[in-house]
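The values are calculated or read from the model by the stated rules, or taken from the named source; none is laboratory data. None of these values were measured; they are calculated from a predicted model. Note that each Cβ is placed from the backbone with ideal geometry, even for glycine, and that neighbours are counted across all protein chains shown. Please note that ligands, DNA and RNA were not included when accessible areas were found on the heavy atoms of the full protein model with its side chains. Shrake-Rupley method; radii C 1.70, N 1.55, O 1.52, S 1.80 Å.
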Amino acid sequence: MTQVVLFNIFNGLIVGAFYALMALGLSLILNLSGVINFAHGGFLALGAYLAYTLIPYVGFWGALIVAPLLTAALGLVIERVLIRPLYGGDPLYGLLLTFGLAYIFEDVTRFIWGAQSLPFQLPAWLTTSLSSQFFFVTGYRVFMIVVVVAAVGALFAALNYTRLGMRIRAGTRDLDTVSTLGVNVRVLRSLNFGIGIYMAGLAGVLAAGLLGLSPTIGANLIMPSFVAIIVGGLGSLLGTLIGGLMIGVASGLAAVYFPSATEAVIYVMMGLVLLFRPRGLLGEEGRLH
Amino acid sequence: MNGLRGHRLNVAVGIILLFMPFWMGAIGGYTELASRILVMGLAAMSLNFLLGFTGVLSFGHAAYFGLGAYGAAMAIKYLGAGTMPAIALGMLVATLAAMVIGALIVRRRGVYFAMVTIAFGQVFYFLAFRWNSVTGGDDGLTGWHRAPIDFGVATLDIFGSDKAFYYFALVIFGVCVAAMALLLSSPFGRTLIAIRENERRARFLGVPIEFHIWLSFVVSCLFVSVAGALYALLNNFTDPRALRFDLSGNLVIMAVLGGMRSFWGPLIGAAIFVALQDFVSSRTENWMSVIGLVFVLVVRFFPRGVLGMLRNAAKA
């Protein structure tokens, strides 16, 4: 029994890491630009499928590097052409536009790569189990955790110690002042959007290795990411990270004790958070209500 | 803005709806499509009570639509309820849910409100999806159908005749729409519009904002659940897709497409959207891209919707 529980906690942490990667990207964009990027799951799926297509040419490692970058590049184009004109307007329109984009992404993915699930080739050494007792600790799962920790660490370091990161954080608080101080806010928003989409692409490649490929892979991961942001608190990236891990573990545990509540449990958590701490665990009062 | 002011428009809409099953065939449609437009129109207009007239961005109305649908379907399947009691039960379930969830989210605004409503909407989707033994799970709830309504003196065979069902739905549509129009022209409705226009000022005037938004949310969900119940009756079937977030998004785009500042706008948007969806999905597998494109085009080029544009053209 302990092994089953440990297995599910471990699994939950991994799923939570996905949610966190997704949700961090969503959070970045939401905090700076006020746009809920509903197409985030579409970008994730695109990253996954690009990696699938690239692996025969550049190998797994190449794909891990190139696919998220290509996804981010497409993100930059879409931001420039479709999303930029909506900044500062009614949030309704950003939501609707990205909602439509999500439809298009899913459909195009299905059109190009087919509706069936596709197998995703991993290097052999990543698929072996590392421990005979804890069979679930495969090389790939450990590898994933390492990549996620590295990516999240790099993101937080960049936000805290680079000029761009400081500007993003400052812009999150008061974009007008940042603009007045001579920072090109358009470029700042674009780069920030690109970083967010990069995280989605990276999550996509990692998710493909764990869950396999299907056109709806992104749609299934986006709702929990919203929950992660709300539980963690709007405006707090650290909160988003913790929120993602928490709901991952919670659904992992629910899978042991109440299998039919595996998905529902995270919404119950969200309800409780809204009831007892409406701004979320680490959210700041008075921002982005 | 007000449903009671533009009398000529009201009469025109009434006449068009009254004869829809007859002219629908002439332009290549069918009676069931007319009923679907009516039902989705009611749903979009109900959503717009909150979205357009209170200024609160709800992106999770599919939940209450679906609760209405499941409530009605389960009442018929498991309780052997008649048509009207089934609709009433669907309304009851959805309204209770809206009262509880509304209380949790009523302090949130803007994007935050949107996100919370989206996320909460999914609870019921997963309930319906997972609770196989009762809801039929992913396959949906089958093995029941709507029954003719017995008025004592006469029977309306809404099961055997598509047209009879259309007119049954039209009566309910009319009652709901009239109720919403009355509410909007009442002091309560005026207060909602005041909140939409300037929440802070309304608060300074002593309006209990949270209570009004909560009540508007509940009213909106109540009417959307009627549409959901009608939808289940129309199809003699319901499945988790009636609860899923894409329906929420579709309802919002219907309202925006028609014009969310006008009373009838969402009905027009629903008519365009439903007809387009029907047309495109019968011709190409890639209908999702077309629908997605509609979202993008509406946002970029027609953010004020059809009625908003007509109104601008009339002014110019």
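Numbers for the structure displayed
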{"read-out": "Estimated 222 nm signal from helices in the protein assembly as shown, with DSSP H stretches of n ≥ 4 weighted -39500 (n - 2.57), rounded to 500", "value": "-25000 deg cm²/dmol"}
{"read-out": "Solvent-accessible area lost in complex, 20 Å² minimum, residues of segment B:279-316 relative to chain alone, 1.4 Å", "value": "B:Asn286, B:Met288, B:Ser289, B:Gly292, B:Phe295, B:Val296, B:Val299, B:Arg300, B:Pro303"}
{"read-out": "Helix axis angle, A:237-257 relative to chain A longest principal axis, alpha carbon, degrees", "value": "30 degrees"}
{"read-out": "Probe 1.4 Å, all protein chains present, accessible-area order of B:Arg107, A:Arg277, largest first", "value": "B:Arg107, A:Arg277"}
{"read-out": "Residue-count net charge about A:Ser179 - beta-carbon cut-off 11 Å; Lys, Arg +1, Asp, Glu -1", "value": "+1"}
{"read-out": "Gyration tensor (alpha-carbon) shape descriptor, segment B:1-74, a/c threshold 1.5", "value": "oblate"}
{"read-out": "Segment B:234-289 - percent relative contact order, Cα under 8 Å, separation 6 or more", "value": "19 percent"}
{"read-out": "Per-residue ³J(HN,Hα) for segment A:180-191, Karplus 6.51 cos²θ - 1.76 cosθ + 1.60, θ = phi - 60°, Hz, x for Gly and Pro", "value": "4, 7, x, 7, 6, 5, 4, 5, 4, 5, 4, 4"}
{"read-out": "Inter-probe distance in nm under a simple model that places probes 7 Å from Cα toward Cβ, at B:Phe204 and B:Leu18", "value": "4.8 nm"}
{"read-out": "Estimated FRET transfer efficiency (A:Ala170, B:Asp150; beta-carbon r; R0 60 Å; 0.05)", "value": "0.30"}
{"read-out": "Net +/- balance of residues flanking B:Pro240 in space, Cβ distance below 10 Å, scoring K and R +1, D and E -1", "value": "0"}
{"read-out": "Chain A: angle of helix A:217-232 to the longest principal axis, Cα-based, in degrees nearest 10", "value": "60 degrees"}
{"read-out": "Surface share of carbon and sulfur [accessible, 1.4 angstrom probe, percent] for segment B:7-246", "value": "67 percent"}
{"read-out": "Cα centre as origin, Lys/Arg/Asp/Glu Cβ charges: segment A:117-265 dipole, Debye", "value": "380 debye"}
{"read-out": "B:Asp138 accessible area, 1.4 Å probe, all protein chains in place, Å² to nearest 10", "value": "100 Å²"}
{"read-out": "Value of relative contact order over chain A, rounded to a whole percent, pairs C-alpha under 8 Å and six or more apart", "value": "36 percent"}
{"read-out": "Rounded Å value of the spacing that divides the Cα centres of segment B:40-104 and segment A:155-169", "value": "45 Å"}
{"read-out": "Volume per residue that the Cα convex hull of segment B:166-316 spans, once the total is divided by residue count, Å³", "value": "155 Å³"}
{"read-out": "Cα-based shape type of segment B:7-246, given that a ≥ b ≥ c are square roots of the gyration tensor eigenvalues and the cut on a/c is 1.5", "value": "oblate"}
{"read-out": "Segment B:218-289 versus segment A:10-67: alpha-carbon centroid distance in Å", "value": "31 Å"}
{"read-out": "Shape of segment A:1-112, Cα gyration tensor, a/c cut at 1.5", "value": "oblate"}
{"read-out": "Which of B:His7, B:His145, A:His40 is most accessible, then next, and so on - probe 1.4 Å", "value": "B:His7, B:His145, A:His40"}
{"read-out": "B:Ala179-B:Glu285 FRET efficiency (beta carbon distance; Förster radius 45 Å; 0.05 resolution)", "value": "0.65"}
{"read-out": "Relative contact order %, segment B:7-246, counting alpha carbon pairs below 8 Å whose residues are six or more apart", "value": "39 percent"}
{"read-out": "Amide H contacts under 5 Å for A:Leu282, placed H, 5+ residues apart", "value": "A:Gly233"}
{"read-out": "Under 11 Å, Cβ to Cβ, from B:Arg311 - net charge with Lys/Arg +1 and Asp/Glu -1", "value": "+3"}
